[in-house]
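Have a look at the structure below before the remarks.
The values are calculated or read from the model by the stated rules, or taken from the named source; none is laboratory data. Owing to the predicted nature of the structure, the values given are computational and were not obtained by experimental measurement. We place every Cβ from the backbone using ideal geometry, glycine too, and count neighbours over all the protein chains shown. Just so you know, the surface numbers come from the protein's heavy atoms only, side chains and all, with ligands and any DNA or RNA stripped out. Shrake-Rupley method; radii C 1.70, N 1.55, O 1.52, S 1.80 Å.
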Amino acid sequence: MEKIKSKFSNNKRGAFFLKYFVILAVIIVVGFIITGITLMAFVYNFSKQETLANLSKNSIAISDFSSEILCSDLALHNPEATALLFYNNLKLTADASGSMVFMCNADGKIIACDDTLKKPFETVQHAVCEEHQNIHIPKAFIVKAEAIGYADYTTLGGVFEETHAVAISPIRIENEIAGFTICTSPISGQIAGYFIKLLTSFLSAAVFALIILTLALFFLADKMTKPIRDLAKAARCYSVGDFSYKVPEPTEQNEMTELIIEFNSMAESLEALENSRRNFVSSVSHEFKTPMTTIGGFINGILDGTIPPEKQNHYLEIVSAEVKRLSKMVNAMLNVSRIETGNLNLKLERFDVSKNLLNTFLTFEQLITDKNISIEGLEDLEELTVLGDQSMLDQVIYNLIDNAVKFTNENGKISLTTKSEVKYSYFTITNTGKGIPPAHIKNIFDRFYKVDESRSTDTKSTGLGLHIVKSIVELHGGKVTVKSKPDKFTEFTVKLPK
């Protein structure tokens, strides 16, 4: 009991339980009402038919009995006993069927009823029906009943204030009608009994169903809300930067399981992005701090005379190089921002990518010579026409060649191949070296991402180069892919529309 109370003390769970309990309870109640109305209508019609049938049987039985008595010797020799049998038959039939029984003569005047005798087998002494003796059955109903009897729901032409079930059967003596037996029952009294019993049954069933629903929904709500509570807990952890919590996956395979799997996958991506962001901030802070410290130190040294005039130009060249590096880093971050916000407008023109590839390789000639890297494919370049923003695609080419030169091993090789098709042009840059571990391939184009093993080689990288490459290529409707084999090669292929 304490456990149940503690579960209901949770407002969120209680709200969930109450909400669905009310919804399902309303559905059940409405279902019961519709079913009840339908069943009551059926019972009402059935009861009316059954009541008329029973009254008709009783009226016919009394009429037949009366005919036999009136034709017997008893009617001739003992009229009082005959009347007693009549009256007691009426009273016993009325008591057994819960109806009212009358007898009238051929003209429709009531001459006897079930109340004529107050008690069964009471001695008959000028017995009369004081309550009904002045009633006349309208001639129209007498005429209808003369042949085979009459049965219907009616007020008998105003004899009754409310509608009654009425059955009239003729009493025949030697083919002559001596009178009529009339059995009646108020429609409200007959149907009310059925309805009360039916309503009692329905209310009992509804209460039982609501009890079962409450118990079932309580345990179902607890089971259903557990994954939601786990998701809420995970969301609270992630909101403060803690991505260590993972939502337990349910054993059942359903939509909630798929949601949790995707949620955990999102958490892993957010964790990786957060780690990349932190690493990026750390790297950028370091990268900004180092050149700024260098620039500040050399400028102060020149101003306060620590650096002699003859060496000032040398240190100013170093300061200029550091300023250019800072400018390059800022431009890279600005380009990422423009691409992601959609504020980068492309200036499309047709140009030959092969020329840009060749010119860019020439700018890295000194670095290529220093590492003794051999270049293959430059002599076999074919015209590679594309439609794009030349300055932006130059940045793509520059970043890819810069990476290739940077990560190619000493005495290694860089290969360049081009391919032209009807709608697209392709160029591929392949370099030997350490390559990219398979676990990092899927993240290599992510913003701020840096392969850990490459940091000793790529100390000045901010993790934005390849992200910019991918973004620019996709802005042109193209695609960039990467293949790599550790300690063998890395290959980037760019597909651009003509």
Would you check which residues across the range 402-421 are among the small types (Gly, Ala, Ser) and surrounded by 20 or more Cβ atoms within 10 Å (Cβ to Cβ) and list them? 404
Give me the pairs: first residue in the range 240-251 and over 12 Å from residue 268 (Cα atoms), second residue open to solvent by 60 Å² or more (accessible area, probe 1.4 Å), beta-carbon distance under 6 Å, and six or more apart or on different chains, which are they? none
Do you know which of the residues in the range 333-366 that are modelled with pLDDT under 85 and hydroxyl-bearing (Ser, Thr, Tyr) is nearest to residue 414 (Cα to Cα)? 363
Does the range 441-459 contain any residue that is at pLDDT below 90, among the polar types (S, T, N, Q), under 49 Å from the mean Cα position of the chain (by Cα) and not in a helix (DSSP H, G or I)? yes
Evaluate the following for residue 346: is it more than 22 Å from residue 491 (Cβ to Cβ), touching a strand residue (DSSP E or B) at 6+ places or on another chain (Cβ under 8 Å) and touching a residue at least 24 places away in the same chain (Cβ under 8 Å)? yes
Determine whether residue 203 is open to solvent by 40 Å² or more (accessible area, probe 1.4 Å), modelled with pLDDT of 75 or more, among the aliphatic types (A, V, I, L, M) and not in a strand (DSSP E or B). yes
Exactly one of (1) closer than 28 Å to residue 178 by Cα; (2) out of contact with any Pro (no Cβ under 9 Å at 6 or more places or on another chain) is unmet by residue 42. Its number? (1)
Report whether or not residue 415 is out of contact with any helix residue (DSSP H, G or I) (no Cβ under 9 Å at 6 or more places or on another chain), of a type in the set (Ser, Thr, Tyr) and in a helix (DSSP H, G or I). no
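Residues are listed down the side, and each one gets a yes or a no for (1) open to solvent by less than 70 Å² (accessible area, probe 1.4 Å); (2) of a type in the set (A, V, I, L, M); (3) farther than 26 Å from residue 33 by Cα:
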site	(1), (2), (3)
208	no, no, no
212	no, yes, no
229	no, no, yes
237	yes, no, yes
247	yes, yes, yes
250	yes, no, yes
I need the full set of residues from the range 295-332 which are among the polar types (S, T, N, Q), closer than 30 Å to residue 395 by Cα and modelled with pLDDT of 85 or more, in order please. 320
Does at least one position in the range 38-59 carry a residue that is open to solvent by 80 Å² or more (accessible area, probe 1.4 Å), at pLDDT 80 or above and under 30 Å from residue 215 (Cα atoms)? yes
Condition first: surrounded by 15 or more Cβ atoms within 10 Å (Cβ to Cβ) and over 27 Å from residue 475 (Cα atoms). Can you find one or more residues in the range 436-446 that meet it? no
Scan the range 407-419 for residues that are under 54 Å from the mean Cα position of the chain (by Cα) and either on the phi > 0 side of the Ramachandran plot or in contact (Cβ under 8 Å) with a residue 60 or more places away in the chain (or both) and jot them down. 407, 418
What pairs come up if the first residue lies in the range 383-406 and is acidic (Asp, Glu), the second is open to solvent by 40 Å² or more (accessible area, probe 1.4 Å), and their beta carbons are under 8 Å apart, counting only those six or more places apart or on different chains? 383/420; 389/346; 389/347; 389/348; 389/349
So, first residue within 16 Å of residue 72 (Cβ to Cβ) and among the hydroxyl-bearing types (Ser, Thr, Tyr) in the range 82-95, second residue modelled with pLDDT under 80 and open to solvent by 20 Å² or more (accessible area, probe 1.4 Å), Cβ within less than 7 Å, six or more apart or across chains; the pairs are 82/74; 82/75
Flagged pairs (Cβ under 6 angstrom, 6 or more apart or on separate chains; first in the range 145-158, under 12 Å from residue 60 (Cα atoms); second open to solvent by less than 70 Å² (accessible area, probe 1.4 Å) and among the polar types (S, T, N, Q)) are 149/169; 151/56
Considering the range 115-137 alone, what residues qualify as being open to solvent by less than 20 Å² (accessible area, probe 1.4 Å) and either modelled with pLDDT of 75 or more or not in a loop (DSSP other than H, G, I, E, B) (or both)? 137
If residue 302 satisfies every condition in (1) touching a residue at least 24 places away in the same chain (Cβ under 8 Å); (2) of a type in the set (Val, Ile, Thr); (3) over 28 Å from residue 465 (Cβ atoms) but one, which is the exception? (1)
Residue among 161, 146, 176 that alone is of a type in the set (Asp, Glu), at pLDDT 75 or above and more than 29 Å from residue 69 (Cα to Cα): 161
